[in-house]
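To start, the structure itself, in structure tokens.
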There are 2 protein chains.
Amino acid sequence: MKTKLLTIILCCFVAITNAQEDEAVLKTVFSTSLTNGKSYAWLDHISNKIGGRLSGSENAELAVQYTKKELEKLGLDKVWLQPVMVPKWERGEKEKAYFETSGFVKEVNICALGGSIATPDDGISGKVIEVKGLEALETLGKENIEGKIVFFNRPMQADLISTFNAYGGCVDQRYSGAMEAAKYGAVGVIVRSMNLRQDDLPHTGSMSYGDLPVEQRIPSAAISTNDADKLSKALKSNQALQFYFKQNCQQFEDVQSYNVIGEITGSKFPNEYILVGGHLDSWDLGDGAHDDGAGVVQSMDVLRLLKESGIQPKRSIRVVLFMNEENGLRGATEYAKVAKEKNENHIFALESDAGGFTPRGFSFATNDTNFKQILSWKMLFKPYLIHYFELGGSGADVGPLKSETNVLAGLRPDSQRYFDHHHAANDTFEHVNKRELELGAATMTALVYLFDKYGINQIQNNKELKD
Amino acid sequence: MKTKLLTIILCCFVAITNAQEDEAVLKTVFSTSLTNGKSYAWLDHISNKIGGRLSGSENAELAVQYTKKELEKLGLDKVWLQPVMVPKWERGEKEKAYFETSGFVKEVNICALGGSIATPDDGISGKVIEVKGLEALETLGKENIEGKIVFFNRPMQADLISTFNAYGGCVDQRYSGAMEAAKYGAVGVIVRSMNLRQDDLPHTGSMSYGDLPVEQRIPSAAISTNDADKLSKALKSNQALQFYFKQNCQQFEDVQSYNVIGEITGSKFPNEYILVGGHLDSWDLGDGAHDDGAGVVQSMDVLRLLKESGIQPKRSIRVVLFMNEENGLRGATEYAKVAKEKNENHIFALESDAGGFTPRGFSFATNDTNFKQILSWKMLFKPYLIHYFELGGSGADVGPLKSETNVLAGLRPDSQRYFDHHHAANDTFEHVNKRELELGAATMTALVYLFDKYGINQIQNNKELKD
């Protein structure tokens, strides 16, 4: 009985001491990030000195070299490049589009979707059939679609609080629109930009032809939300209006590229890996500051902030700057393949790929036991207004590392402005707020610190048995 | 025993029914605001068609007339203007400032602080003494200050999570700097802008001479953060550098102005008032979109959203657009005075004056009983990512309505970007995000709905006894 009581008292004492230590560490981490963060300066370079960095481009290569060099300055235990072959697609000369109705010519803002074929040199001209989604194609049938340009015009649903949910409800038009419309004999596809705002900017993004034979492929472009509305309005008075567009994009052979990786090797459990990462590639229209320059520099700063805060990790902490998230996921696939071959035990992987806005929390993909442990940490984040700890998805790049016992997570910043910039020409440095970016880096660092200290339940229990 | 059991069952049933109804109402309110809100269109007019509207200016009068007219369109039970005399201060011709050191002239960006006197026509020139705060004046004494320009250069503390706390820790320099420095014989005052960002924009704001005799008053201006750093650096190599500034501001006689008020009269408790408001006046450098155009249009939309959502209030709901928050608080003082004379029982007053950014929750000034009731509503807001329900301050305009039994509250939007724009030339419409603004209006409406439905504890208990 006495022993039991002593054990309880000891447990309480340890819990209180741990909580006090954790509170103090989080305070140091946030303070360091806000007063001595590097993320913003790195982002300035990546956005303004390098710029848009689509996989296979010269800029992507510059970003690889720059981030490797910067990681090398941090005094990590290892920094290396992991080779990966990536697709190379180029937009070419700026696209052109207009429609003609009642003798009036209206120019509209479009951009080729990533992976699309070009139009013929003299463009494509045709009647337009407007639909609200892929399912409308079957209803309309070949007789209404053949020879026409299909205009997918389902807007993002404005009354969803998470704009990512609104995106998820629309993006099938962009990704599969051309593949599906081609089956009904369409000659081209125009998709309303995935943007909750009314403006003149077309938003690019990946699309796929699936297994469609090369000769059946049709060009596909995004149109700005303002112009989508104008086109829709014009179609209401003249169904027979002619739409013209020309785009000059081209797919090349795959080229050599790299994931950039840095590591602090764990002092106690070096083969338990905690990964933090974002993707180094971006679309080509803006400078990719939010998507995903922010995630890249925040992830880099996690390792630096751990060191600056005097934290010596027990487990190995890796930053991985993935290549080719946008149009292939080749970097993530390669990283997971190599990790599996080497039997590297990734107990926790955290991705930041939702913009550099004020962090609100995390979405966790894990089992209930781990999630219960994670929820016990939530109160530590309250002083930093981090409140969102929910089960859900994690991120495209960490996804392939999923196991039954580990934890994947995605940073969840405020999402309201994200799709104003996503894949568009205004995804640029000046739309990232320094403090918001730094708060994100600190929030990530704090969570990495806790996973490093406490491990995950299954693992910890095994260790305790062994220790 | 049976009766007791029945009562318990009945109470549970009522609680469940209420919770379901409340969930449904909040869903309608948020959805209506995001798909059919008016706040953004109103803000567009106030910001872009009217612009900066300092108390006593022609623009302030235009804003009074415009908002009154718009409220009249909403089919409220009453709309009226409440007369109030307000101070009138004008900036005049743009300010000019530079410093000279080692034969080099560096122009700097300044603006007169609101309420400051002008410099003489040919400006003021003098040596500069840099201090970090008011308390340094006494240490330095008259011998080090007399005849000089005092440069208050304490930056906002970057590691505070709430930027309002950082502001609170600095603003004494701006408000009292001239009054205090004059006592030691200073000839002018330059204050580092209350801005957490490094940029070239000076931020104005109110200052006071207190009881200082007119002949002792000295001109006071804000300097941009970039130029504050340049000046500080230059002073380190040359303490004797000469600083010159010229400003042309002027204080006029008080002029007639108005609070704009609209009301839905309560169906059951018409003399229990629920107030929602923001301030109609703004500083003159920008168009006052965040401060406080956002609060004005959100407050207007609260009454409209209640109507659009089919809610018929039991209590009287008032929107009050206060005049002269920035440099006098005359509107708020007058409103509270009249409310007291008329014995109007304001059970709840909610202010939005912290920018049109993503809402995070509310700060409540009330007693523990009311706060307990408020916390019981918190879960209703979770789907909308509204998580901040804390005791604290409310707002300058609703402050005078405080009683021992009522509830005052301030909307708390994300604060990270607020002081990038506050009182500066970039407080403009394009920096307000439509969805963020609409989410704020919905959050306010939801809380007003709950206070209307449930009342406050003291009041509710009295009513229950009477009913």
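The values are calculated or read from the model by the stated rules, or taken from the named source; none is laboratory data. Everything quoted here is computed from the prediction, not taken from an experiment. Cβ atoms come from the backbone with ideal geometry, glycine included; neighbour counts cover every protein chain shown. Surface areas here come from the heavy atoms of the whole protein model, side chains and all, with no ligands, DNA or RNA. Shrake-Rupley method; radii C 1.70, N 1.55, O 1.52, S 1.80 Å.
Remark: the range B:348-357, residue by residue, has Karplus-estimated 3J(HN,Hα) of 8, 9, 10, 10, 10, 8, 9, x, x, 7 Hz, where x stands for each Gly or Pro and the curve is 6.51 cos²θ - 1.76 cosθ + 1.60 at θ = phi - 60°.
Extension gain, A:GLU107 to A:ASN238, is 45.5 nm, computed as 0.36 nm per intervening residue step minus the present C-alpha separation. On a 26 Å Cα-Cα criterion, which of the cross-link pairs B:LYS68/B:LYS337; A:LYS106/A:LYS132; A:LYS68/A:LYS94; B:LYS68/B:LYS94; A:LYS236/B:LYS49 come out too long? Violating the 26 Å limit, Cα to Cα: A:LYS68/A:LYS94; B:LYS68/B:LYS94; A:LYS236/B:LYS49. Distance from the axis that maps chain A onto chain B is least for the Cβ of the chain A residue given, with the whole Å value, as A:HIS387, 2.
Couplings for the range B:378-386, taken from phi via the Karplus curve 6.51 cos²θ - 1.76 cosθ + 1.60 with θ = phi - 60°, read 4, 4, 4, 8, 4, x, 9, 6, 8 Hz in order; Gly and Pro are left as x. Placing a label point 7 Å from Cα along the Cα-to-Cβ direction at B:GLU146 gives distances to the equivalent points in the other copies of 10.0 nm, listed shortest first. Please compute the net charge surrounding A:GLU135, taking Lys and Arg as +1 and Asp and Glu as -1 over other residues with Cβ under 11 Å from its Cβ. Neighbourhood net charge equals -1. Among the aspartates and glutamates, which have Cα under 16 Å from the Cα of A:LYS73 when same-chain residues fewer than 8 positions away are ignored? Cα-Cα hits under 16 Å: A:GLU263, A:ASP301, A:GLU308. When a 1.4 Å probe is rolled over the protein heavy atoms, the share of accessible surface on the range A:95-248 that falls to carbon and sulfur comes to 49 percent.
Using a 1.4 Å probe and counting only protein heavy atoms, how much accessible surface gets buried when B and A come together, both sides summed, in Å² to the nearest 100?
Heavy-atom accessible area buried at this interface is about 2600 Å².
If R0 is taken as 41 Å, the Cβ-Cβ distance between A:ASN48 and B:ASP122 corresponds to a FRET efficiency of 0.45.
Taking all Cα pairs closer than 8 Å and separated by 6 or more residues, the relative contact order of the range B:322-467 comes to 32 percent.
With label points set 7 Å from Cα along Cα→Cβ, the inter-copy distances at B:GLN256 are 8.3 nm, sorted shortest first. Accessible surface area normalised per residue over the range B:214-259 is 49 Å², counting heavy atoms of protein chains with a 1.4 Å rolling probe.
With the cut-off at 22 Å, tell me which of the pairs B:LYS307/B:LYS453; A:LYS183/A:LYS233; A:LYS230/B:LYS27; A:LYS27/A:LYS453 have Cα atoms farther apart than that.
The pairs that break the limit, which is 22 Å between Cα atoms, are A:LYS183/A:LYS233; A:LYS230/B:LYS27.
Full extension of the chain between A:LEU6 and A:GLN312 gives 107.1 nm of extra length, using 0.36 nm per residue less the Cα-Cα distance. Semi-axis lengths, largest first, of the ellipsoid equivalent to chain B are 46, 22, 20 Å, with √(5λ) applied to each eigenvalue of the Cα gyration tensor. Here's how it looks for B:ARG315: its modeled amide H is under 5 Å from those of B:SER267, B:LYS268, B:PHE269, which are all 5 or more places away or on a different chain.
Maximal additional length on extending the B:GLU100-B:LYS378 stretch stands at 94.4 nm, based on 0.36 nm per residue less the C-alpha distance. Using r as the Cβ-Cβ distance of B:LYS340 and B:LEU81, and R0 as 22 Å, what FRET efficiency do you calculate, to the nearest 0.05? After rounding to 0.05, the efficiency reads 0.70.
Contact order for chain B, expressed relative to its length and based on alpha carbon pairs under 8 Å spaced 6+ residues apart, stands at 21 percent. Starting from the Cα gyration tensor of the protein assembly as shown, take the square roots of the eigenvalues, sort them a ≥ b ≥ c, and report rounded, prolate or oblate (rounded when a/c is under 1.5, otherwise prolate if a/b is larger than b/c, else oblate). Taking the square roots of the gyration eigenvalues as a ≥ b ≥ c, the protein assembly as shown is rounded. Taking amide H positions as modeled 1.01 Å from N, with prolines and chain starts lacking one, the residues under 5 Å from A:GLN242 and 5 or more places away or on another chain are A:GLU100.
A simple spin-label model places the labels of A:GLN251 and B:GLU135 6.8 nm from each other, with each point 7 Å out along Cα-to-Cβ.
What's the longest uninterrupted piece of chain B once you rule out the GluC sites (Glu not before Pro) that are loop residues per DSSP with at most 14 other Cβ within 10 Å?
B:147-403
For chain A, DSSP calls about 55 percent of its internal beta bridges antiparallel. Placing a label point 7 Å from Cα along the Cα-to-Cβ axis, B:PRO213 is separated from the same position in the other copies by 10.0 nm, shortest listed first. Length, then width, then depth: along the principal axes, the Cα atoms of the range B:121-195 run 40, 30, 17 Å.
Cα-based values for the range B:1-85, radius of gyration first and Dmax second, are 22.4, 70 Å.
Can you give the local net charge around A:THR265? Use residues other than it whose beta-carbon is closer than 15 angstrom to its beta-carbon, Lys and Arg +1, Asp and Glu -1. That works out to +2. Rounded to the nearest whole angstrom, the semi-axes of the ellipsoid equivalent to the range B:93-248, taken from the Cα gyration tensor as √(5λ), stand at 21, 19, 16, largest first. Relative to the longest principal axis of the Cα atoms of chain B, the long axis of helix B:294-308 lies at roughly 10 degrees. Remark: spin-label model distance A:ALA19-B:THR333 equals 4.7 nm, labels positioned 7 Å along the Cα→Cβ axis.
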